[in-house]
Amino acid sequence: MILSVRDLQVSYGAIPGIRKIDFDVAEGEIVAVIGANGAGKSTTMKAITGLLPFQGKIAYKGADLAPMRAEQNLANGLALVPEGRGILTRMTVEENLRMGAYLRRDTAQVETEIAATYERFAILGERRSGIAGYLSGGEQQILAIARALLARPKLLLLDEPSLGLAPLMTEQIFAFISEFREQGLTVLLAEQKSKHSLAVADRAVLFSMGEVVASGAARELAEGSLIRDTMMAL
Amino acid sequence: MGVSIFIQQVLNGLTLGAVYTLIALAFSLVMGILGILNLAISEIFMIGAFVGFSLITAGVPVWIALIGAMIAAALVSIVIARIGYEPLRNANHITPMLSTLGFSMILQNLATNTWGSDPMQLTLEGWLETRFSFGLVSLSVVQIVVFVVTVGLCVLTALLIQRTDIGRALRAVAENREISRILGVRPRRMILVAFALSGLLAGAAGVLVGLHYSVITPYIGVEIGLKAIAVMIVGGATNIWGALLAGPLIGILEVLTVAYGGAAMRDFVVYGFMIVILLVRPQGLLGGSSKTSGGRV
Ligand SMILES: Nc1ncnc2c1ncn2[C@@H]1O[C@H](COP(=O)(O)OP(=O)(O)OP(=O)(O)O)[C@@H](O)[C@H]1O
Ligand SMILES: [Mg+2]
């Protein structure tokens with residue numbers, strides 16, 4: 001297991017963010033975390049990446065994450081693409097990409113990878129000197145993902161990458177996500193909409209009100225009615 | 001004759017404005033990241049002037065004294081960040097500002113106890129006194145030094161902020177602290193960097209003002225610090241590069257007012273100008289929408 005989460009609890013003051021979350025991610029897998037508004041997806045991802053203090057146990061490559069700061073987790077290969085993209089809107093596209101490699105010291109290699117990023121995501125190449133805040137929502141999402149990849153993550157956490165995107169753009173983002181698997185990247189993908197995520201994921205975990213209510217192979221969850229029932233019940 | 005005097009005054013105004021620009025940049029660096037006015041900067045500037053004067057009086061060459069004063073001012077600034085700001089960072093914005101105001105009182109007290117409240121006079125090394133004359137207009141070596149050092153420091157600051165990892169990290173923290181953490185930046189460390197840079201600039205400004213007037217008191221921080229805040233506001237508090245335009249502008253305005261309207265009119269005109277700018281262009285000369293301004297830092 002590259003990541004294992006046990007009995008995870010996070011509270012925002014008196015408000016319980018998540019009550020009890022358990023799941024595992026194996027190396028090379030894409031695991032989807034499905035849940036409605038307020039189910040605890042973002043909170044879980046922030047706890048894993050070191051942005052929020054937590055109770056319970058999170059182990060990454062066997063090491064306890066409790067004492068780790070966000071930048072140590074990033075240096076160890078845990079990169080988050082946050083909900084709402086988290087673009088630095090006043091900086092240029094290129095500066096955003098450079099910030100993705102902020103902790104890296106292999107500058108020559110970073111330059112090569114930035115050039116490769118412009119090849120792979122043509123829109124970023126065209127707009128490299130443009131202010132990132134002026135990109136469309138979908139373009140910003142691509143920038144956010146490309147930026148996270150420049151940190152050379154081993155486990156990429158994507159928090160609702162399809163939020164607010166048109167169907168065509170959503171297709172494109174999910175196409176990128178399935179490419180990541182071929183590159184050997186492990187992905188934890190949070191989504192409200194289960195259709196696309198279950199199609200690209202190997203396994204899925206269903207969150208509801210801060211707890212895990214179901215988990216299993218993505219295909220089985222996609223065929224059953226459990227997800228629909230859970231979402232409807234809310 | 002009239003034209004020469006005018007040119008002379010503009011040159012004098014540019015020198016004064018250069019110093020305002022440096023202090024305004026010092027204010028902006030902290031303002032941009034934390035959204036608070038570090039009121040102690042005026043007094044850090046004053047401490048820089050005294051440290052520089054003391055070193056020069058002790059026979060240290062001007063350049064070394066300048067660097068020494070910058071470092072001393074940066075250290076004071078870091079101490080203020082640690083003791084006066086960090087413990088209060090989650091409090092309402094007004095609280096850390098009051099704390100920096102407290103520090104400014106302490107620094108002034110420290111200065112009067114160490115150096116006395118009488119003006120401290122500096123006898124400049126001979127070469128600094130040299131004046132170059134062009135017809136009726138003349139320029140002293142001190143003025144040239146003030147100008148060159150200011151421009152040099154502004155260029156270095158601009159390069160640091162626009163072109164380096166540290167500069168991008170500072171801007172990232174200024175825009176969104178949580179996102180900066182996601183990217184591996186340590187915001188608290190960047191806050192110390194901002195305070196240190198701000199101290200370096202204020203300290204340099206202190207030495208330059210001291211050289212320019214060749215006399216200082218523990219109270220110079222109050223007056224010149226307020227002018228620098230006016231420069232920051234006129235230039236646009238959301239865009240630190242506004243100070244590069246507003247500093248010389250206000251310096252020239254001030255000097256011309258004194259020359260043609262009398263010294264009594266000076267503050268009336270300078271702060272009147274600031275209020276007019278606030279009324280007609282509240283975002284300042286270069287402050288635009290947050291997107292186009294390129295950020296406060
Ligand atoms: N900063 C916060 N302060 C207080 N409560 C919070 C905060 N952030 C989240 N919560 C609460 O924690 C719970 C889980 O929220 P979280 O954002 O993790 O859900 P989510 O599954 O990501 O939802 P969404 O799909 O809407 O993004 C919710 O009840 C929410 O109200
Ligand atoms: Mg969320």
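The values are calculated or read from the model by the stated rules, or taken from the named source; none is laboratory data. Remember, predicted model here, so these are calculated numbers, not experimental data. Heads up, the Cβs are rebuilt from the backbone with ideal geometry, glycines too, and the neighbour counts pull from every protein chain shown. SASA here: full protein model, heavy atoms, side chains in, ligands and nucleic acids out. Shrake-Rupley method; radii C 1.70, N 1.55, O 1.52, S 1.80 Å.
Which peptide among B:11-18, B:150-157 comes first, and what is the full order, when sorted by highest mean count of other Cβ atoms within 10 Å?
Result, highest mean first: B:11-18, B:150-157.
Could you identify which residue out of B:ARG186, B:ARG266, B:ARG163 has the top mean-square fluctuation in a GNM of chain B using Cα springs shorter than 10 Å?
Result for chain B, Cα springs under 10 Å: B:ARG163 fluctuates most.
How much net charge surrounds B:THR257 when only other residues with a Cβ under 14 Å from its Cβ are counted (Lys, Arg +1; Asp, Glu -1)?
Net charge in that neighbourhood comes out at 0.
What does the charge count around B:PHE53 come to, taking other residues whose C-beta lies under 14 Å from its C-beta (Lys +1, Arg +1, Asp -1, Glu -1)?
It works out to a net charge of -2.
With all distinct Cα pairs included, what does the Kirkwood hydrodynamic radius of segment B:127-219 come out to in Å, to one decimal, could you say?
Hydrodynamic radius (Kirkwood, Cα only) of segment B:127-219 equals 15.8 Å.
Keeping all protein chains in place, calculate the accessible area per residue for segment A:85-152 (probe 1.4 angstrom), answer in Å².
Averaged over the residues of segment A:85-152, the accessible area is 39 Å².
Summarise the accessible area of the protein assembly as shown (1.4 Å probe, protein heavy atoms) by the percent that is carbon and sulfur.
Carbon and sulfur: 62 percent of the exposed surface of the protein assembly as shown.
What number, in percent, do you get for the relative contact order of segment A:85-152 if the mean sequence gap of Cα pairs under 8 Å and at least 6 apart is divided by its residue count?
Rounded, it is 54 percent for segment A:85-152.
Restricting to lysine pairs 8 or more places apart or on different chains, what number in the protein assembly as shown have Cα atoms under 13 Å apart?
Number of lysine pairs found: 4.
By the scheme Lys and Arg +1, Asp and Glu -1, what is the net charge of all other residues having a beta-carbon under 14 Å from that of A:ARG105?
Cβ neighbours under 14 Å give a net charge of -2.
Given N residues in the protein assembly as shown, what is its alpha carbon radius of gyration divided by 2.2 N^0.38 Å?
Normalised Rg, Cα atoms only: 1.18.
As a test of the formula, what do you get for the protein assembly as shown when each DSSP H run with n ≥ 4 contributes -39,500 (n - 2.57) and the sum is divided by the residue count, at 222 nm and rounded to the nearest 500 deg cm²/dmol?
Mean residue ellipticity at 222 nm (helix-derived): -18500 deg cm²/dmol.
Tell me which trypsin sites (Lys or Arg not before Pro) from segment A:166-221 have a DSSP coil assignment and no more than 13 other beta carbons within 10 Å of their own.
Sites meeting the loop and neighbour criteria: A:LYS193.
Would you jot down the residues in segment B:139-185 that end up with at least 40 Å² less accessible area in the complete protein assembly than in the chain alone, with a 1.4 Å probe?
SASA drop of 40 Å² or more in segment B:139-185: B:ASP165, B:ARG168, B:ARG171, B:GLU175, B:GLU178, B:ILE179, B:ARG181, B:ILE182, B:LEU183, B:GLY184.
Only bridges with both residues in chain A count here: give the DSSP antiparallel percent, nearest 5.
Bridges in chain A that DSSP calls antiparallel: roughly 50 percent.
Tell me the chymotrypsin sites (Phe, Trp or Tyr not before Pro) within segment B:192-297 that lie in a loop according to DSSP and have at most 16 other beta-carbon atoms within 10 Å.
Passing sites in segment B:192-297 are B:TYR219.
So which trypsin sites (Lys or Arg not before Pro) in segment A:60-148 pass both tests, a DSSP loop state and at most 12 other Cβ atoms within 10 Å of the Cβ?
Filter output for segment A:60-148: A:ARG105.
Leaving ligands, DNA and RNA out of it, work out the accessible area of A:MET209 with a 1.4 Å probe and give it in Å² to the nearest 10.
That residue has around 120 Å² of solvent-accessible surface.
When DSSP assigns beta bridges and you keep just the ones with both residues in the protein assembly as shown, what percent turn out antiparallel, to the nearest 5?
Around 60 percent antiparallel, to the nearest 5.
Could you give the angle, 0 to 90 degrees to the nearest 10, between helix B:2-34's Cα long axis and the longest principal axis of the Cα atoms of chain B?
Compared with the principal axis, the helix lies near 20 degrees.
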